[in-house]
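The values are calculated or read from the model by the stated rules, or taken from the named source; none is laboratory data. Small disclaimer: the values here were computed from a predicted structure and weren't measured. In this analysis, Cβ positions are derived from the backbone assuming ideal geometry, glycine residues included, and neighbour counts consider all displayed protein chains.
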Amino acid sequence: MTSTMIGYLFTILAYSVFSIQDGISKHLGDSYSPIVVATVRYWALTSFGLLMASRSKQGIRRVVQSKRPVLQVVRGLLLMSQIVLSILAFHYVGLAHSEAIFAAGPIFVAIMSVPILGEQVGWRRWTAIAFGLIGVMIILSPGKLDAPVGLMLLPLLCSLSGALYGILTRLVSRNDSALTSFFYIGMVGFIVMNCLAPFFFTGIKPHDWLWMMALCCTGITGHFSLIRAYEKLNAVVIQPIGYFQLVATSLIAVFIFGEALTAHILIGSAIIVSAGLFTIWREHVVQRRAARQTEFK
């Protein structure tokens, strides 16, 4: 089996596992505080981060050293907020509806990259962004919502938090290693969540501890698979495959939780995914062009 094929398999495995993780998060979020569920997720995320740091050539001491510690902490807080908001969205809005709005992440990243990263966005990408936002508006069509309009802000805020997290990740990657960034997001969320958890903790039923353990296993498996995927494939190849999570999560929503995929969700999702794929492709084209120009200078 070629290295590229292994990369594809790890990518599909990662997003499949993340879909299962979303389903488990919804199941637990229907019975327990999202703070408690998120805390359990961070137990796994932080354990995995510490394991990766201890096994690295750099060692934990080097991994902890960041040239952008403030931004790393902000990234950690954003990811923490995103996780809590996603669990709330799954509970109040639904798994399929929320995942459809989450798919707009690359669109929001493209918008934020202009003021924060100073990137130039041409008319083609602005057109794709406009179509992507139209897709979001179709999903949020008044009169077609299964939840009150106010609650629809939950998945929207989650998507925006994830986009800003992605932008800051690009920013810190200019100075810090990927392992350092991974270590910080785990530790920041772990510390904050464990401080908050005692105020929201309720007795967990014995059989739900099995679901909590499954949540930890999916978290570790998903992140490990994604790291291995990035070792084999370029980001521009992996990012479009990320939309597979929308399909897999929607299937879980329909067949496990009995949710309905309405016409406006399907149409809006199709527009968002198309716009997102074009945005990712166009960004790759621009980066390759800039790299060529740098080589010729």
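Under the condition of being surrounded by 19 or more Cβ atoms within 10 Å (Cβ to Cβ) and farther than 18 Å from C158 by Cα, the residues counted in segment 25-35 number 3. When each of I134, I116, I138, I129 is tested for being among the β-branched types (V, I, T) and either part of a loop (DSSP other than H, G, I, E, B) or at pLDDT 85 or above (or both), the lone residue that passes is I134. Within segment 141-164, the set of residues being aliphatic (A, V, I, L, M), closer than 11 Å to Y92 by Cα and either at pLDDT 90 or above or surrounded by 20 or more Cβ atoms within 10 Å (Cβ to Cβ) (or both) comprises M152, L154. Only residues that are crowded, with 19+ Cβ neighbours inside 10 Å and in contact with a Lys or Arg (Cβ under 9 Å, 6 or more places away or on another chain) were counted in segment 56-74, giving 1.
Yes or no, residue by residue, for (1) surrounded by fewer than 19 Cβ atoms within 10 Å (Cβ to Cβ); (2) aromatic (F, W, Y); (3) part of a helix (DSSP H, G or I):
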{"position": "V188", "(1), (2), (3)": "no, no, yes"}
{"position": "T202", "(1), (2), (3)": "yes, no, no"}
{"position": "D208", "(1), (2), (3)": "yes, no, yes"}
{"position": "A214", "(1), (2), (3)": "yes, no, yes"}
{"position": "T221", "(1), (2), (3)": "no, no, yes"}
{"position": "A260", "(1), (2), (3)": "yes, no, no"}
{"position": "R288", "(1), (2), (3)": "yes, no, yes"}
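The sole residue among P69, P115 that is farther than 15 Å from L164 by Cβ and out of contact with any helix residue (DSSP H, G or I) (no Cβ under 6 Å at 6 or more places or on another chain) is P69. Residues of segment 185-206 that are aromatic (F, W, Y) and modelled with pLDDT of 90 or more: F190, F199, F200.
The condition (being buried (at least 19 other Cβ atoms within 10 Å of the Cβ) and over 26 Å from D208 (Cβ atoms)) is satisfied by just one residue among A14, A44, A38, A53: A53.
Taking the stated definitions as given, is H264 surrounded by 16 or more Cβ atoms within 10 Å (Cβ to Cβ) and touching a Lys or Arg at 6+ places or on another chain (Cβ under 6 Å)?
yes
Of the helices (runs of 4 or more DSSP H) that lie entirely inside segment 1-93, those containing 1 or more residues that are over 18 Å from A197 (Cα atoms) and in contact with a Pro (Cβ under 9 Å, 6 or more places away or on another chain) span 69-92. Considering only segment 107-125, I want to know if a residue exists there that is closer than 22 Å to F90 by Cβ and of a type in the set (K, R). There is no residue in segment 107-125 that is closer than 22 Å to F90 by Cβ and of a type in the set (K, R). Scanning segment 244-287 for residues that are more than 22 Å from S19 (Cα to Cα), modelled with pLDDT of 75 or more and of a type outside the set (A, V, I, L, M) turns up F278, T279, W281, R282.
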